[in-house]
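Reading through the structure tokens given below for one structure.
Readers should treat all values here as calculations from the given coordinates under stated rules, not as data from a laboratory. This is a predicted model, so every value here is computed, not measured. So basically every Cβ, Gly included, is an ideal-geometry build from the backbone, and we count neighbours across all protein chains shown.
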Amino acid sequence: MSNPLKRLKYLPWTSLLPVAGLTTQLVAAVEVWLAYGATQSSALRNALTLLYAPPLGTLVLFALGMGMGAIAVYGCELWNRSMLNTGSLWALAFCLLLGLFIKSLLPIPGLLVDLSEISFIAMVVGIFWKGRPYIR
């Protein structure tokens, strides 16, 4: 009987982890920049309050999560296009989830993408939307 987890060993982890880390760092840098701007500017604070108001807030969080997933696939395309397939796209989703978990442990405000179900689902949708040509 074959081991179904054996394929995990052959995924390109050494390429996926740095791409996911850089994507998470990019999102964290933008979040810190927005948090600093919101403390300095009341116009930015009001705009963020309006964007995250209940009717529109869920859609904004979903769109930002999709964007993070698409940026990660774009980074994989720049890094090494030949490694992308369905399994590596799922591994990229796991790596981004790991990056968001590490980011949640740091004192960085979760303005754009945080560790939640909607963010993870949106990242998976963004990954597979941008990675559509690589699905086999």
Under a cut-off of 27 Å between alpha-carbon atoms, report the lysines in cross-link reach of LYS103, not counting same-chain residues fewer than 8 places apart.
-> LYS9, LYS130
Read phi for every residue in segment 69-80 and hand back ³J(HN,Hα) as whole Hz from Karplus 6.51 cos²θ - 1.76 cosθ + 1.60, θ = phi - 60°, with x for Gly and Pro.
-> x, 5, 5, 5, 5, 4, x, 5, 5, 6, 6, 6
Protection proxy (average C-beta count within 10 Å per residue), highest first, orders 101-108, 71-78 as 71-78, 101-108
First measure r as the distance between the Cβ atoms of ASN3 and PHE101, then evaluate 1/(1 + (r/R0)^6) with R0 = 25 Å and state the FRET efficiency to the nearest 0.05.
-> 0.40
Quote the charge dipole size of the chain about the Cα centre in Debye, to the nearest 20; the model charges only the Cβ of Lys and Arg (+1) and of Asp and Glu (-1).
-> 500 debye
Inter-probe distance in nm under a simple model that places probes 7 Å from Cα toward Cβ, at SER82 and SER42 = 5.9 nm
